[in-house]
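Okay, structure first, notes after.
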Amino acid sequence: MSIGIIGAGNIGAAFARALARNGIAATIANSRGPETLGELSAELAPHLTAATITEAASADIVLVAVPWSKLPAALSGLPHWAGRIVIDANNPIEAPLFKPAELGGRLSSEIVADLVPGARLVKAFNHLFANLVSGDPKAEGGNRVLFYSGDDIEAKSQVADIITRLGFAGVDLGPLKVGGALTQFPGGPLAALNLVKFG
Ligand SMILES: NC(=O)c1ccc[n+]([C@@H]2O[C@H](COP(=O)([O-])OP(=O)(O)OC[C@H]3O[C@@H](n4cnc5c(N)ncnc54)[C@H](OP(=O)(O)O)[C@@H]3O)[C@@H](O)[C@H]2O)c1
């Protein structure tokens, strides 16, 4: 099972660091090309490989972490997703204005799903600050909670497996309609909560 990452900023790099710390390989891409990712790939060698967007998107599981307004450009012109898994780590708001995006009454993940036709989308890694994604998930004698949700049970179980391998306590919030609404930022009541699960 291969892992790709589109977006190498706060969240993409945090996910890459968490993977590398656990010996899990991944490819990562940004908008400027693999040659601009030398520092990060050197830091996380041999686990992380800088790649083009098309290469990262060809992995079995692809985490997407790109500023909201850049998602259409980042995900355009890619081959059909053909059932591969996309982890939607995005929120519909971005620096520097932090003005919530206009979603027309839809969930942000429903809009992202339209940008990745044929993918099985799982929402995860969007509700914690990046330093908590890359940091030690053991805290207060328990394990940091990482919520996930989605409509495809098998895709969710593969993402849950990664979450567990990274040392987080994965909590399945059910279908996208439920979990997306609970964790989306802004507005979701579970967004930005840093919780620990014991036992
Ligand atoms: N920051 C957090 O703590 C946090 C927490 C939860 C969720 N999120 C969500 O995660 C997403 C990313 O946030 P971030 O803070 O990681 O952003 P960021 O630090 O600004 O990084 C954005 C990354 O996206 C890449 N990118 C931009 N346009 C692209 C394109 N057309 N094609 C490919 N890559 C492109 C950038 O590459 P270049 O630098 O080469 O342009 C950069 O690597 C957002 O949706 C945000 O809401 C962030």
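The values are calculated or read from the model by the stated rules, or taken from the named source; none is laboratory data. None of these values were measured; they are calculated from a predicted model. Using ideal geometry, Cβ is built from the backbone for each residue, glycine included, and neighbour counts are taken over all protein chains shown. Accessible surface areas use protein heavy atoms only, side chains included; no ligands, DNA or RNA. Shrake-Rupley method; radii C 1.70, N 1.55, O 1.52, S 1.80 Å.
What the table below lists for this structure:
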{"item": "Hits in region 140-199 - residues which are of a type in the set (S, T, N, Q) and in a loop (DSSP other than H, G, I, E, B)", "result": "184, 194"}
{"item": "Top-ranked residue of region 10-28 - restricted to ones that are more than 18 Å from residue 55 (Cα to Cα) and surrounded by fewer than 21 Cβ atoms within 10 Å (Cβ to Cβ), ranked as nearest to the ligand (Cβ to nearest atom)", "result": "10"}
{"item": "Criterion (over 28 Å from residue 69 (Cβ atoms), buried (at least 21 other Cβ atoms within 10 Å of the Cβ) and aromatic (Phe, Trp, Tyr)) met by exactly one of 168, 147, 125", "result": "168"}
{"item": "Single match in 104, 118 (criterion: open to solvent by 30 Å² or more (accessible area, probe 1.4 Å), touching a His at 6+ places or on another chain (Cβ under 9 Å), at pLDDT 95 or above and over 25 Å from residue 144 (Cα atoms))", "result": "118"}
{"item": "Members of region 29-42 that are in a helix (DSSP H, G or I) and surrounded by fewer than 13 Cβ atoms within 10 Å (Cβ to Cβ)", "result": "35, 36, 38, 39, 42"}
{"item": "Neighbours by Cβ (under 8 Å, 6+ apart or cross-chain): first from region 81-108, closer than 20 Å to residue 8 by Cβ and part of a loop (DSSP other than H, G, I, E, B); second of a type in the set (Asp, Glu) and more than 13 Å from the ligand (Cβ to nearest atom)", "result": "84/60"}
{"item": "Residue 108 vs. criteria among the polar types (S, T, N, Q) and either in contact with a helix residue (DSSP H, G or I) (Cβ under 7 Å, 6 or more places away or on another chain) or within 16 Å of the ligand (Cβ to nearest atom) (or both)", "result": "yes"}
